[in-house]
Amino acid sequence: MKSGEKWHMLIGQYRAKISSKGRVAFPKKFREEMGNNLIITVGYENSLMVVPLESWQSLVEPTVDKTFIFEPARDTNRFLLGEASEITLDEQGRCVIPPYLREYANIKSEVVFLGLNKYVEIWDKEAWETYQKQLHSNIGKIAEKLNQKTSENP
């Protein structure tokens, strides 16, 4: 994203093949919003999380500001920061996902990119399809739980 331009929400999903060396083409729609300088790190449910370099600080601020004496803050920092890597997309919008991150996400030959507002998740295609089925069959219960938590903490 260029300085002074309005940020648009990242939405949708895109599929791509990944080479045996971990090279993958980042979806053009996401590149246009996020730019070429990105941070990639481990995400939840064995996915990977990608954010623009300039947005990284705001994503991790809630944990970085916590005292290092607080164990959950240290663990979250280890999880998000300790596993992070800077990547730069080439002229064709490709990058290499580091081996340790491909291993964490169990990425084989195809990936799914998910636009989730301010960041992108990358999933192994088979893992996403399995998770998506579970998500679709439980979304009502998930929404109810979320609503209960929101009403408890106004």
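The values are calculated or read from the model by the stated rules, or taken from the named source; none is laboratory data. Since the model is a prediction, treat every value here as computed from it, not as a measurement. Neighbour counts are summed over all protein chains in view; Cβ atoms, including those assigned to glycine, are modelled from backbone coordinates with ideal geometry.
Residue count for the stretch 12-38, restricted to those that are more than 19 Å from Glu129 (Cα to Cα), in a strand (DSSP E or B) and within 14 Å of the chain's Cα centre (by Cα): 1. The residues of the stretch 74-93 that are under 14 Å from Lys28 (Cβ atoms) and surrounded by 15 or more Cβ atoms within 10 Å (Cβ to Cβ), listed by number, are Leu89, Gly93. Test Leu101 against the criterion of being surrounded by 14 or more Cβ atoms within 10 Å (Cβ to Cβ), under 23 Å from Leu10 (Cβ atoms) and either in contact (Cβ under 8 Å) with a residue 12 or more places away in the chain or not polar (S, T, N, Q) (or both), and give yes or no. So Leu101 fits the description; yes. Would you confirm, using the coordinates I've provided, whether Lys133 is modelled with pLDDT of 75 or more and among the charged types (D, E, K, R)? Judged against the criteria, Lys133 is a match.
Of the residues making up the stretch 39-49, those that are at pLDDT below 95 and assigned to a loop (DSSP other than H, G, I, E, B) number 1.
Of all residues in the stretch 111-124, which are of a type outside the set (Ser, Thr, Tyr) and either surrounded by fewer than 16 Cβ atoms within 10 Å (Cβ to Cβ) or closer than 17 Å to Phe30 by Cβ (or both)?
Val111, Val112, Phe113, Leu114, Gly115, Leu116, Asn117, Lys118, Val120, Glu121, Ile122, Trp123
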